[in-house]
Every structure is written in C-alpha cells, then in structure tokens.
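What follows is calculated from the coordinates using simple rules that are stated; it is not laboratory data. Predicted model, so just to flag it, every value in this text is computed and none were measured. Reconstructed Cβ throughout: ideal geometry from the backbone, glycine too, with neighbour counts over all protein chains shown.
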Amino acid sequence: MTRRLDVLVCSGAACVSSHSAAVRDALSREIDENGLSNEIRIVETGCMGPCELGPVMLVYPDGAFYIHVKPEDAAEIVQEHFLKGRPVKRLLWEDPEARRIVEGKKQIPFFAKQVKVVLRNCGRIDPENIEEYIAADGYEALGKALTQMARNEVIQVITDSGLRGRGGAGFPTGKKWQFVASATGETKYVVCNGDEGDPGAFMDRSLLEGDPHTVIEGMTIAAYAVGASRGYIYIRAEYPLAIKRLQIALGQARKMGLLGENILETGFSFDIEVRMGAGAFVCGEETALIASIEGERGIARVRPPYPAVRGLFGMPTLINNVETWGNIRHIVLNGADWFRSIGTERSPGTKVFALSGKVKNTGLVEIPMGMTLRELIFDIGGGIPNGKKFKAVQTGGPSGGCIPEKYLDTPIDYESLKELGAIMGSGGMIVMDEDNCMVNIAKFFLEFTSDESCGQCVPCRTGLPRMLDILKRITSGNGTMDDLDLLQHLGEMIIETSFCGLGKTAPNPVLSTLKYFEDEYREHIEEKKCRAKVCTDLIAYRIDEDACRACGICAVNCPVGAITGELGKPPYIIDEEACIRCGTCLEVCPFGAVHVLSGELCNQDKREGSK
Amino acid sequence: MKEILIRIDGKEVSAPAGSTILEVAKQQGIPIPTLCHLDGLSDIGACRMCIVDVGGKIVTSCTTKIAEGMEVITNSDRLAELRRLNLELIFAERNHVCSMCVSNNHCELQDLACDLGMQHVEVPYAYPRLSLDASHPKFIIDQNRCILCGRCVRVCAEVEGAHVWGIAGRGSEARVITELGIDWGDAEMCTDCGKCVQVCPTGAIVEKGKAAAEMEKHPELVTTLKERREND
C-alpha cells in the first residue's frame, strides 16, 4: 500500500516540554488500531517555529497545521481527518486577524513572511535520520566542494556571498576563512560556537536539534577549505536534546563515510567532537571558548593574536556560530549571487530570531535581512497580546539595547541596529509592552551580565555590580538625579576599557534605556513612581471602598495576612506595612476592586498611613 | 632583531619588534600607571590601569605589541578620567582601609591613588564581608585587600614553579585560592618561599606579625632572580 499522509509532529524542546511525545504516542496508537500504519507515517521533526502554540503538528500533503494538540485529540484527528479527510477545525491555527480558520500552513501570516534558508529542514525532516537529510539535498554541497571545487574556490564563494558572522558581531565569514587558510600550523581546527547563553534565545538550540547535519556539513566544507583536520562543537550542557541528536548525526555521518577518514573517498579526512560547556555566558566569547575546550578556566584571552593565527591548542582555528555554519551548504550549492539576492547589500541572507516576550506568536522565525522591526513584530509576531501598547524591543540580549516605538521602521541589519545603540546579536528578540518597566529591564540584564562576568578585568568585574547597585537604588526610590550621570559615565567607561566583548557590550541595555526612556528614570527618582507598576518599592495596593463587596477572597489568599476586614461589611483594608506587593489580591479579586498605585498619590497615602 | 618605528606622545621612536607599548614607554622614560603588570612576569591585562590610546582605540599597553607606524598617546584628559574611575572601582570593590592596613605607606594601590589624584570615590562602595586565611605558619591572605591582579598566581607558577595559587569563582565572586580552595596551611605544594607576599601590590598577602604600616615588600626580587638565573 502506498503512503498517503505524513504527520510531522514537532519535537523541538518547547513542544517536548508541552508533552509532544505523549501526543505522538497517542497518534501512533490510534493509527495502529485503525490499521493505517502502512498508509500514514509519523515523523518527529525539529522546531517548527510557533513555540507558544505547542505541541504543534503538520499534516502533509494537505498542509493542515494543528496547534495545542493533546493526546485526547488523537482519536478525533485520526477518525475525522485521516480516515474521512475532514481536518479537525477546532485544532487548526486560527488566524487572529481574519477571524477565520486557517487550514494551509502557507496561508498563515506567521509563515508567509518568513524566508527559510538556515531553518529549511527544521520542522520538515526527522533530525535523527540522515537519509531524510540526504533526500533534502543533504551533503550535496560537501560532495560538490570536495569533488568539483578547489579549496580557494570554496573560500571565494563564501567571500563573494557577503555572509557575515551570525554570532552577533557580523565579521565577514569569508575573510575569517581566508585568514585561517593562509595561517601556518601543524594542525588546524574548526570550531562551532554553540554556547548560546542569552536569556530568551534559542536559535542555535533549535537548529542543532532540528537539523544537526546542516551544521556538520558546513563545518566539514570549511575544514576542507582551510585545511583543518579536527573539529569541535562547543555546546551548553543545558541542551541535552541537541547534544543527543548531534551525537546521533555524527555517528550516522561517520557510518556513511561523510565524516572521519577518507570522506567520500576523496582522501580528505576530518572528524568532529562534541564538547559540553558548563554554562558560562562568557564562553561564547571565542577566546574564552577556546580556553574552555582546552580544559582551562573559561576566561577571555588577549587578542591579537586572533584565533585564526593562534587559537585552540596554539593552532590556527576557525570559529563560527551555529547559524553561520547553517548557511554554508546553501551558499556552496546555490552560489554567491543567489545568497546576495536575499537580504540587503551590506547584510545579505537571512537571520534567525527567537521572538519572545509580549508578542502573540512567540517562537523561532527566519526573515530576510532588511525587513523592518515592525513587520517582524506585528506581521509575523502578530503584535502585542491583550490589547496592550508596544513599548520597546530588545535585540541582542544582554549585550543589546532597547529600541523604542519611533524606530520600529528601522530595517533589521547589522549597521542600522548598531546606530540605534542596540546590536544584531545572535538573534534574541524580546518584545516589551506598557507593563514593562524599562529601569527594571535594564536592571534585569545587568544582573545577568554582572553575574556572568568572568572576573578577570576590573571594569567588568566591579563596574557592572556598581551600576547594578545604582539601578537598585533608583528602583527602590532612593536614587538621585546625579545617579543618571554616574550611570552614563560608568557605562561608557566599561565599554571603552573592558577586556572582552562581554564588558564592552554589557552596559548597552542601561545606556539605551537611559537614552530612549530617560523619562521613566526621572519618574522613579523625582516622583518615586514606576509607571508600569513593576518596581515593588514604589507601588502600593489599595482596595476601592465602593467596588469592594467584602467577599474576603483577598484576605484568604494573602500570603502574609496583610488584609483585614469583616465578611459582608466593605471595605477590606490592606496593611501597607505588612504587604509584600505580590499582587495576589489583584489577581483573585472577582470585582476588580484592588488597584495598584504608584507615584505621588501612593506616597501621599503612605505618609498619611504612617502618621 | 627587526626595529619598528612608532610615534609615542608625538615623539618618533624605534624599538625591537615584539616589544609591548609599555616596554617602549618605559625605555623612553614615559610613565604609565600599572598594577597587575610586574617586570619579570607574563602580562594578562587584568587591571586596565595601563590603558593608552592607539589611533582612537583604548588598549592596555602591557599586552599590546607595537606595530609599524602606530600612533600612541599615553596621557590625555580622557585617559586620566578612565584610569581614575577604574581605580575608584577597585577601591569600591573590597575593603581598602589604609590606616588599619599593614601595607600602609608601602602599597602600590595607595601610591596609584596619590599619583592619579584620586580624592574621593564616586561610585557606591560594596563593603563585602570577606574571609581571611591565617592557617599558614608564616603568611596571611586577607581577601578584603585583594584586587585580583593575579601576580601571586603568576609568580608561583612562572618563577617558583609551585602552582599553589589559582583563581576560583567568577565576577564579583572571584577569589584567589590556594590549591583547590583548601586552607593555605594545608596546601602541600606550597614551598613557603614567600614570593607571593613580595609581589602582592596591596596588603592582601602579608607576613604574620606585622603591625599597621610595617609590611614592606620587594616585588623587584622577581627581576633580580630572573637575571641571576639567566647569568648562571
């Protein structure tokens, strides 16, 4: 019997954590019971993108895209859709714009505006099966490079393509390859930087989980081009699924003669080893990463000499980010002109982003460079949920900056983002709405970076915690206007004098929020007001006398017993001193009688209360 | 060896290829403040005091090798400001109270503060509560005075060859440790040579039995030792 349907069940980490495995098992059981196992095949794929809606699955050839699938739904899907050909409407992705049921995957705006190059196979093939990868033109680029291209031709096509490092700094990849190729050393190394540490970023993880062979193929092509014989994939130990799939992929590639000794019988040999990082953000910096692979403490080293000249074990080393590796095979296969036809003049190609925060469609997206922030956030991301107002978007994670609404039409490329005081970064994109306090956001990122500083150089090790002290002072209502100058001074000084990229970028969230949201800093200092009502020292909870129905639910739920009152006799009253501002009363009140105050009114009341 | 021509504070000088900016400046009698650097030990560029301006970019002179045609500025208002703020950050990080310190008047950190005209500290003090290890029969390590310059680590590894000292932890949790974080008194690799005491720029590693301002140090012993070894 011929195969009729392919059911692609997403098994990216987000869907796995929303129990996609149980869905798969239930489906497989139902398919068996209905005697369809010869006609329908279940494929576990990598991340499909819309993580918020998981577990998701896609049925081919009709393209029905199911979201929030539960194991209980399996019987209905099999009966209705697989047997009778009627997709289960209630589980299909509902387009929020058109208010109609969207059936085909292509029609969904989330997918329609994306251009998938690096993520082409993610969500389409089974990452644990090399044959599926090969069926999708896998290892064709390697074959082409090894048999039809000279080493310098490979480097030339990468140079001509204009590909720039996707780790964030945007260094021309071809140039880097050229440096390593012309460096002399007994052994040369190729390294994949998979130490993805930004809060809210999961691009590298998704690619390694969803299509590990793409990275392996890219590295092998590079090894041939620069004359390297050994490769390392440095990946965080916190990514067990990616590590597992990588190991499987490496084993399969070796078995097929695509990795190891005498690759494709061309006489070229190259092998890759996986090294796990212990979860230090600084190890994403290339010299610290090298130190870590060598078994040393993960701290940055003096550059120059650059790794291209003296890197891993003192040998010329080519380090690229996971996503950069993901581009290689497509460029080799389709040529530099094809690659340049996507994206912009100075930033060709696509970029993968991990869209998160206050946006309807959070998840993994790939867009052509040059798309505006607005298109990405509002068209693909679906805008801000719950009718809230957009406030800012943070690109580049803790090293990046917050971009306000007036720059939403800025095209996404390396230079434009840098001009705004943000950076492209590795692809984290966190959207913030009016409920986010920008001072608190800056504090959050600085907490992260000062925690992750390696401690080697003075400005980063001691400067970042001092900036954090000042921010804490401001968010607790004890800041002065002089603090703003001091923050600015310190931030600029740390950027100028730090040892490595961590310190040189860590003040960006503070400096960019100071630049675009100085009003909020002023309010915190002068009016003791947090307009987003986030900074707990500057807010107070009140029960509205008229709205309170004295049901007592707030008092029962208050974890510290700060609310008193008599059943049926409004109003209940919150004891200001005892209240820990957890917001539970606000959440549980059925009558919307609890309000949050911040600013003058709140302080006035506080003063009266303390009399 | 090949000579390289550079311009330092407007003056054209030539120096052997492979020299650092700091070495050339010293030869020319141009003062650049240093703290983690010590003649005779490798350079790590940790303290950032020796920063200079190379074509508008701030680099550490101890780790930057000269290149043909390089334009170096060793002193400017901006450099002075950056160095002073950097020094303030060192003072604010731990508990540097000179009057009660055995190294008072013999302290490189204190000297730098005087030289750079640091009159007050603008940034908030951290006032951490740190430990003091007096388990060694002759010496004490007081973490409160440590500036993590790493001289003890380097002298122990590069000159004594004992590898007792190391650095553990990251960010503001970073500490110098003996062996794998055991008490100094239990560190079997320690030869009790006291080189770490002599090179420590502050009152962090000191001899026992010294009262305030009594601890004089001789970091120049590293160069003397090296010279003697080379002449042997």
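Each Lys or Arg adds one and each Asp or Glu subtracts one; over the other residues with Cβ under 14 Å from the Cβ of residue B:229, this totals -2. Ranked by how many other Cβ atoms sit within 10 Å of their own Cβ, fewest first, the residues A:207, B:79 fall in the order B:79, A:207.
Would you mind checking segment B:23-54 for residues with the amide N under 20 Å from a putative spin-label position 7 Å along Cα→C-beta of residue B:75? Those under the cut-off are B:23-37, B:48-54.
Among the cysteines of chain B, B:50, B:62, B:98, B:101, B:107, B:114, B:146, B:156, B:190, B:193, B:200 have no other cysteine beta carbon within less than 4.7 Å of their own. Here the Gaussian network model covers chain B, with springs between Cα atoms less than 10 Å apart; of B:32, B:140, B:182, B:182 fluctuates the most.
Local charge sum around residue A:12 (other residues, Cβ-Cβ under 9 Å, Lys/Arg +1, Asp/Glu -1)? Spell out each step's value before the answer.
Details: positive: A:205; negative: A:209.
Here the count lands on 0.
Which of A:8, A:75, A:51 sits farthest toward the positive end of the charge dipole of segment A:5-107, with +1 on the Cβ of Lys and Arg and -1 on the Cβ of Asp and Glu? Positive-most Cα among the choices belongs to A:51. Per residue, the Cα convex hull of chain B amounts to 137 Å³. Rounded to the nearest 20 debye, the dipole size of chain B about its Cα centre is 260 debye, using +1 on the Cβ of Lys and Arg and -1 on the Cβ of Asp and Glu.
Could you run the Debye sum over the Cα atoms of the protein assembly as shown, one equal point scatterer each and no solvent, and tell me log10 of I(q)/I(0) at q = 0.09 Å⁻¹, two decimals? Rounded to two decimals, the profile gives -1.03. Beta bridges assigned by DSSP with both partners in chain A are antiparallel in approximately 60 percent of cases.
Projecting the Cα atoms of B:59, B:206, A:376 onto the dipole axis of the protein assembly as shown, where Lys and Arg carry +1 and Asp and Glu carry -1 at the beta carbon, places A:376 farthest toward the positive end. Farthest toward the positive end of the dipole of segment A:430-538, out of A:538, A:440, A:501, is the Cα of A:501, where the dipole comes from beta carbon charges about the Cα centre. Placing a label point 7 Å from the Cα of residue B:211 along the Cα-to-Cβ line, the residues of segment B:98-122 whose backbone N sits under 18 Å from it are B:98-106.
Summary of the geometry: segment A:264-331 and segment B:81-126, compared by the centres of their Cα atoms, lie 39 Å apart. With a simple spin-label model that places each label point 7 Å from the Cα along the Cα-to-Cβ direction, the separation between residue B:111 and residue A:238 comes to 4.4 nm.
For segment A:450-550, chymotrypsin sites (Phe, Trp or Tyr not before Pro) are listed when DSSP marks them as loop and at most 11 other Cβ atoms sit within 10 Å of their Cβ; the list is empty. Extension gain for residue B:168-residue B:14 works out to 51.4 nm (0.36 nm per residue, less the C-alpha to C-alpha distance). Entry note, chain A: the mean residue ellipticity at 222 nm calculated from DSSP H runs of n ≥ 4, each adding -39500 (n - 2.57), is -10000 deg cm²/dmol after division by the residues and rounding to the nearest 500. Residues in segment A:110-118 carry Karplus couplings, in order, of 3, 8, 4, 8, 7, 10, 9, 10, 5 Hz; the curve used is 6.51 cos²θ - 1.76 cosθ + 1.60 with θ = phi - 60°, and Gly or Pro positions show x. Taking the Cα centre of segment A:217-346 as origin and assigning +1 to Lys and Arg Cβ atoms and -1 to Asp and Glu Cβ atoms, the resulting dipole is close to 180 debye. Can you check what the net charge comes to around residue A:452, using other residues whose Cβ is under 12 Å from the Cβ of residue A:452 (Lys, Arg +1; Asp, Glu -1)? Every neighbour counted, the sum reads -4.
Could you tell me the relative contact order of chain B? Use alpha-carbon pairs under 8 Å, at least six residues apart, and round to a whole percent.
19
Here the gap between residue A:76 and residue A:410, fully extended at 0.36 nm per residue and compared with their Cα-Cα distance, gives a gain of 115.7 nm. Once R0 is set to 60 Å, what does the formula 1/(1 + (r/R0)^6) return for the Cβ-Cβ distance between residue A:595 and residue B:231, expressed as a FRET efficiency to the nearest 0.05? Between residue A:595 and residue B:231 the formula returns 0.15.
Restricting the GluC sites (Glu not before Pro) of segment A:31-99 to loop positions (DSSP other than H, G, I, E, B) with no more than 15 neighbouring Cβ atoms within 10 Å leaves A:39, A:97. Each of residue A:549 and residue A:261 was given a label point 7 Å from its Cα along the Cα-to-Cβ line. The distance between the two points is 8.0 nm.
In this simple spin-label model, placing a label point 7 Å from the Cα along the Cα-to-Cβ direction at both residue A:564 and residue A:88 gives a separation of 5.4 nm. Charging the Cβ of each Asp and Glu at -1 and of each Lys and Arg at +1, and nothing else, the dipole of chain A about its Cα centre rounds to 740 debye. For helix B:221-231, report the angle its Cα long axis makes with the longest principal axis of the Cα atoms of chain B; keep it between 0 and 90° and round to the nearest 10°. Once rounded, one gets 70 degrees. Note that segment A:130-339 carries a Kirkwood radius of 16.8 Å, evaluated over its alpha carbons pair by pair.
For segment A:567-586, backbone nitrogen atoms closer than 14 Å to the point 7 Å from residue A:536 Cα along Cα-to-C-beta are found at A:577-585.
Of the residues A:70, B:57, A:533, A:504, the one with the fewest other Cβ atoms within 10 Å heads the list, and the complete ranking is B:57, A:70, A:504, A:533. Measuring nothing but alpha carbons in segment A:147-186 and taking Rh as the Kirkwood radius, the Rg to Rh ratio lands at 1.03.
Shape class for segment A:358-488, computed from the alpha carbon gyration tensor (a ≥ b ≥ c): prolate, with a/c not under 1.5 and a/b above b/c.
Taking the number of other C-beta atoms within 10 Å as the exposure measure, put A:375, A:577, B:93, B:220 in order starting with the fewest.
On the way: A:375 17, A:577 9, B:93 23, B:220 13.
Starting with the residue having the fewest Cβ neighbours, the order is A:577, B:220, A:375, B:93.
Using R₀ = 45 Å, calculate the FRET efficiency as 1/(1 + (r/R₀)^6) where r is the Cβ-Cβ separation of residue A:334 and residue A:588; round to 0.05. So the FRET efficiency works out to roughly 0.20. The stretch between residue A:575 and residue A:33, if pulled fully straight at 0.36 nm per residue, gains 189.0 nm over its current Cα-Cα span.
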